[in-house]
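The values are calculated or read from the model by the stated rules, or taken from the named source; none is laboratory data. Here the structure is a predicted model, which is why all the values come from computation and not from measurement. Because the Cβ atoms are built from the backbone with ideal geometry, glycine has one as well, and the counts that use them run over all protein chains shown. These accessible areas exclude ligands, DNA and RNA; they are computed on the full protein's heavy atoms, side chains included. Shrake-Rupley method; radii C 1.70, N 1.55, O 1.52, S 1.80 Å.
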Amino acid sequence: MDLNNLSLFNMANTQMAYLTKRQQVLATNIANANTPDYLPQDVEKPSFANVLRTSSVQMAVTNEKHLSGLPSQSSRFRVFTPKLDTALTIDGNGVVLEDQLNEASKTKSDYNRMLTIYGKYKTMLQTANTKINI
C-alpha cells in the first residue's frame, strides 16, 4: 500500500518537505550571521492552492471571478528575502541570530508534530487493515 496515494499523507509529505527546506534556509542564515552584506532569507509557506494541487483533491472553479489565477508550479517552494524590521549591522549583515535560532526551533517542533501525525495515521491504517482471526 503506497501511502503517498492517500491525500492526507500526500499533504503531510508536502508540509514536511516545506519544513525541511525552511530548516535548510534558516541554517544557511545562521551560518552567515557574520558575513558582510548578507541578508537573511526565508521560505514562502505553501499556499492552500499548492497543497490542493499536490493532493488528489481537485479544485473546480464555479465562477470566473473565483480564483482568477493559480500560482505556477515552477518551483516547489519559493525562497525570498523578507523585509527587515531591524537595522543592519555596521558591515551590512541583517541576520539577528536570536530570531533565526527561535525560528529554527519552531520549525523543528512543527516538523516533529507533523511526523507524529503521520506516524499516528499510519498506525491507525495498519490497525484497521489487520484481519481478525476468530
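Number of residues in region 20-48 that are closer than 23 Å to Arg76 by Cβ, among the hydrophobic types (A, V, I, L, M, F, W, C) and open to solvent by less than 40 Å² (accessible area, probe 1.4 Å): the value is 3. Scanning region 6-19 for residues that are among the polar types (S, T, N, Q) and within 15 Å of Arg78 (Cβ to Cβ) gives a single hit, Thr14. The set of residues in region 69-86 that are open to solvent by 60 Å² or more (accessible area, probe 1.4 Å) and at pLDDT below 50 comprises Leu70, Pro71, Ser72, Gln73, Ser74.
Each residue in region 89-124 was checked for being open to solvent by 60 Å² or more (accessible area, probe 1.4 Å), touching a residue at least 12 places away in the same chain (Cβ under 8 Å) and of a type in the set (A, V, I, L, M), and 4 pass. Are any of the residues in region 32-44 modelled with pLDDT under 70 and more than 16 Å from Asp110 (Cα to Cα)? Checking region 32-44: not a single residue is modelled with pLDDT under 70 and more than 16 Å from Asp110 (Cα to Cα).
All of (1) outside any helix (DSSP H, G or I); (2) among the polar types (S, T, N, Q); (3) at pLDDT below 90 hold for Asn93 with one exception: (3).
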